[in-house]
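Asks: My questions all concern the structure below.
The values are calculated or read from the model by the stated rules, or taken from the named source; none is laboratory data. On a predicted model such as this, the values are computed, not experimentally measured, just so you know. Quick reminder, even Gly has a Cβ in these numbers, built from the backbone with ideal geometry, and neighbours come from all protein chains shown.
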Amino acid sequence: MRIDFHTHFYPEKVAAKAIAFVEKLGLKSDSDGTRRGLEESMARSGIDLSVGMPVVTSPENSLSINRFAAANNNGNIRMFGSVHPDEADKLGTLQFIKDSGLYGVKVHPEYQGFDFGEERLFPVWEKCIELNLPVLTHAGADIAYTAPFHSDPERLAAFHRRYPELTFIIAHLGSYQMWDAVERELLGEDVYLDISLAVEELPVERIESMIRRHGADRILLGSDSPWFSQRKPWETVEKMSLSSEEKAAILSGNAERLLALSRA
């Protein structure tokens, strides 16, 4: 079984706009950005289950985005919800995410304009711990923004030390295009890393070395579909000289454990 733990899709009426926005930045999409497009991608890429990661980009669209996530949390797709740092009732949104059966919370410090060190958000992370909601964050550079970025490995490591009880999932192998700092600050910490984007830029040998240092039991398959192919990440894992047990953990076992954990 293969579980892609980092995917995106959008309502039909906004998918084309989302694709056009990213393609203007020079990134060609791998599907049309809809649920149907994701399922077609899964079929041709050998993916059995995808986890959708919506991002609330303004306080006003929080409810509609989380309702969309809840409505699509079925079949071969599981969904996270999202919360915006400027919402008036952030804790209420987290309770809605839990009550709706969503599997966790996706945040994006660049798109949402926040820093993990902000005290105003401490109650959000404490509530996620209380509700047993994993948090997945974008990490590192983002093509739509310029440095300095809000989610470098140093800040993420400091956040994890403040909230070690939080199930924390860091995208892009710890921080996109900041992998030297990832090796210095995050490898070996009790956090999960997905391999999305890293497989597009790093040699297989370096990814494997980082996985060995971090532990295969805390690595997740991820593609960041529709922006990238869902096939390349698992093919990259299969090329590694990891044991069959380690590969199985990365391809699905760790994700299955996390998805069950959020139901506890």
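Asks: Go through the range 69-103 and report how many residues are at negative phi and either assigned to a loop (DSSP other than H, G, I, E, B) or of a type in the set (D, E, K, R) (or both).
Replies: Residues in the range 69-103 being at negative phi and either assigned to a loop (DSSP other than H, G, I, E, B) or of a type in the set (D, E, K, R) (or both): 18 in total.
Asks: Let me confirm something: among Val83, Val55, Val22, which residue is within 21 Å of Gly101 (Cβ to Cβ), touching a Phe, Trp or Tyr at 6+ places or on another chain (Cβ under 7 Å) and of a type in the set (Val, Ile, Thr)?
Replies: Residue meeting the stated conditions: Val55.
Asks: If the requirement is being modelled with pLDDT of 95 or more, of a type in the set (Val, Ile, Thr) and out of contact with any Lys or Arg (no Cβ under 6 Å at 6 or more places or on another chain), which of these qualifies: Val124, Val182, Val204, Val199?
Replies: When all the criteria are applied, what remains is Val182.
Asks: For Phe21, are the conditions met, namely being surrounded by fewer than 21 Cβ atoms within 10 Å (Cβ to Cβ) and over 21 Å from Ser229 (Cα atoms)?
Replies: Spelling it out, it is not the case that Phe21 is surrounded by fewer than 21 Cβ atoms within 10 Å (Cβ to Cβ) and over 21 Å from Ser229 (Cα atoms).
The rows are residues; the columns are (1) under 28 Å from Val199 (Cβ atoms); (2) touching a strand residue (DSSP E or B) at 6+ places or on another chain (Cβ under 9 Å).
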position	(1), (2)
Glu87	no, no
Leu91	no, no
Ser100	no, yes
Gln112	yes, yes
Thr137	yes, yes
Pro148	yes, no
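Asks: Give the residues of the range 33-52 that are in a loop (DSSP other than H, G, I, E, B) and either under 18 Å from the mean Cα position of the chain (by Cα) or crowded, with 19+ Cβ neighbours inside 10 Å (or both), sorted by residue number.
Replies: Selection gives Gly33, Thr34, Ile47, Asp48.
Asks: While we're on this one: Testing Pro164 on (1) within 20 Å of Asp115 (Cα to Cα); (2) surrounded by 19 or more Cβ atoms within 10 Å (Cβ to Cβ); (3) not hydrophobic (A, V, I, L, M, F, W, C), one condition comes back false. Which one is that?
Replies: (2)
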